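The structure under discussion appears below in the form of structure tokens.
Any read-out appearing in this document is the output of simple, stated calculations on the displayed coordinates, not a laboratory observation. The structure presented is a predicted model; accordingly, all values stated were derived computationally and were not measured. Here the Cβ is made from the backbone with ideal geometry for all residues, glycine too, and neighbour counts use every protein chain on show.
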């Protein structure tokens with residue numbers, strides 16, 4: 001069945017963000033604040049589009065305060081990007097207390113192809129005990145999460161990731177990037193969000209798996225551009241153990257090939 005998108009009357013989202021560029025030759029600062037309010041009695045769908053369950057239908061007031069700092073070290077080829085996010089409020093009667101941090105550093109070589117290598121570390125807290133009065137699971141709010149995983153297996157919630165990436169431009173119009181990622185749960189007793197798998201005992205460990213990906217971006221004509229990518233996911237101990245309990249044979253390695261096309265009229 002097809003139908004038009006409808007407004008989510010159960011949620012209200014407010015925010016303010018600022019850029020401080022006074023010291024931009026050294027660092028640019030981006031402080032921000034968001035407020036998510038949810039009326040559980042009106043909630044029909046979750047943020048993923050799935051029908052809301054009884055557990056989803058709760059009143060929430062989640063505050064998010066963050067600071068991002070980034071810059072380029074002059075004449076060295078080194079760039080860096082840091083951020084820290086703190087959340088607090090009420091999550092259906094539980095005290096919400098969560099956080100996230102992200103650290104990235106890169107180096108661009110002095111070469112015609114503009115090769116760049118970078119390392120990344122990211123962490124978003126997870127809930128430690130489903131039966132206590134505190135929720136430590138980071139609320140991912142809204143947004144696009146493919147930069148975390150080209151297979152769309154990871155969202156900004158109960159995860160820790162280590163990444164090594166590289167990119168280069170062999171021609172003016174062709175850009176190629178590739179990388180290796182290793183994903184783990186932040187809390188072994190909380191869920192892996194995308195497949196909604198959880199072991200509240202924590203006995204399945206934290207290792208979600210590893211991912212290798214490569215992507216090429218290029219124009220075909222001035223009206224058409226293409227992105228072609230490949231991703232290989234190698235399931236970890238947690239993915240194998242919890243998937244087998246839910247759907248035998250599901251917790252296996254997987255391959256993903258995708259093609260994106262963008263067409264412009266003018």
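Laid out as a table, the results:
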| item | result |
| --- | --- |
| Sites residue 21 and residue 81 - FRET efficiency at Förster radius 22 Å, r taken between beta-carbons, to 0.05 | 0.90 |
| Theoretical gain in end-to-end length, residue 146 to residue 264 [0.36 nm per residue, Cα-Cα removed] | 40.2 nm |
| Simple label model, 7 Å out from Cα along Cβ direction - residue 128 to residue 196, nm | 2.7 nm |
| For 145, 266, 109, 138, order by how many other beta-carbon atoms lie within 10 Å, fewest first | 266, 109, 145, 138 |
| The chain: calculated mean residue ellipticity at 222 nm from DSSP helix runs of at least 4, using -39500 (n - 2.57) | -1000 deg cm²/dmol |
| Max mean-square fluctuation residue, GNM over the chain, Cα-Cα springs under 10 Å, options 239, 188, 52 | 52 |
| Rounded to 10°, Cα long-axis angle of helix 237-246 versus longest principal axis of the chain | 50 degrees |
| Anisotropy class of the stretch 8-125 from Cα gyration tensor, a/c 1.5 cut | prolate |
| Anisotropy class of the stretch 108-186 from Cα gyration tensor, a/c 1.5 cut | prolate |
| Within the stretch 174-188: backbone nitrogen closer than 18 Å to the residue 212 label point (7 Å, Cα to C-beta) | 177-183 |
| Added length on full extension, which subtracts the Cα-Cα distance from 0.36 nm per residue, residue 33 to residue 111 | 24.1 nm |
| Gain upon complete extension [residue 45, residue 220; 0.36 nm per residue less C-alpha separation] | 59.1 nm |
